[in-house]
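Enquirer: First, the structure itself, so that you have it in front of you.
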Amino acid sequence: MKDSPLPLLCTLLLLLTACASQPSTQATSVPPLDSKRPAPQEEMTIYLADHTAKCPEDASLDCLLYRSDPQGDYEPFQDTIEGLTYVPGFTYELRVLRTVVENPPVDGSLYDWRLIEVIQQAPTAIEVLSGAGSLIGPTWGWVQTTVGEAVFASNGPARYTLQFHENGSYAALLDCNRMSGSYTLEADGTLHLTLGPTTRMGCPPDSQDSVYAGYLENAISLRVLTDGLEIELKDEGGTMSFVSLD
């Protein structure tokens, strides 16, 4: 009588079942999470300074200054914020949407920025004190007046000057004539300039004394910069630019 193959088949079946039940020892490769990778989109609050600075990568351009911590140091902001109209002389608290740019160009930004909300826009109080970088003390020389894209240059800053005094008075040189008066300056930079007595000497034919006096008569605000002074004129009359002659 031949042996039955059934026991052998049962043995093979048991071996196959045991092998199938053993856990796999093959390692599974799971890429680690990059915790430093920014989210594709993020809403955040940032703060802008009341002035700009030269961009570190291109000194011919002016950059906004920003910080994410209201008590931190300002850093150059070399991007643009869609929807924001920035006005110097004001500090800003903004709610923005930052979006990661897919495959940014080599010289392009890693992010797109879009304005969600202007939480606060506050004028900066101007410190009217003696000393370097202040309004009072320097003799300011008129360089030019900019109206839109047009620039009207003076024919010599030393011929048209302006000096503010602590007692609320000012003195102006109008080429060969002199003028004095009083002024008040509010915390938001609003300027009230009262024209006073003016001498009546005959100036050279190229003199811009009457033009300069007319500009001063229309002054409505000023702003002290790190490298000069700007006076805004009413009715979109333009911006007067001054440099310190001291």
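The numbers here are math on the coordinates, done by the rules we state, and not lab data. Note that the structure is a prediction, hence the values are computed from the model and not measured.
Enquirer: With Rg and the Kirkwood Rh both taken from Cα atoms, where does Rg over Rh land for the stretch 56-180?
Expert: Values: Rg = 20.5 Å, Rh = 18.7 Å.
Ratio of gyration radius to Kirkwood radius for the stretch 56-180: 1.09.
Enquirer: A further question follows. How long are the semi-axes of the equivalent ellipsoid of the stretch 140-244, defined as square roots of 5 times the Cα gyration tensor eigenvalues? Whole Å, largest first.
Expert: Output for the stretch 140-244: semi-axes of 20, 17, 12 Å.
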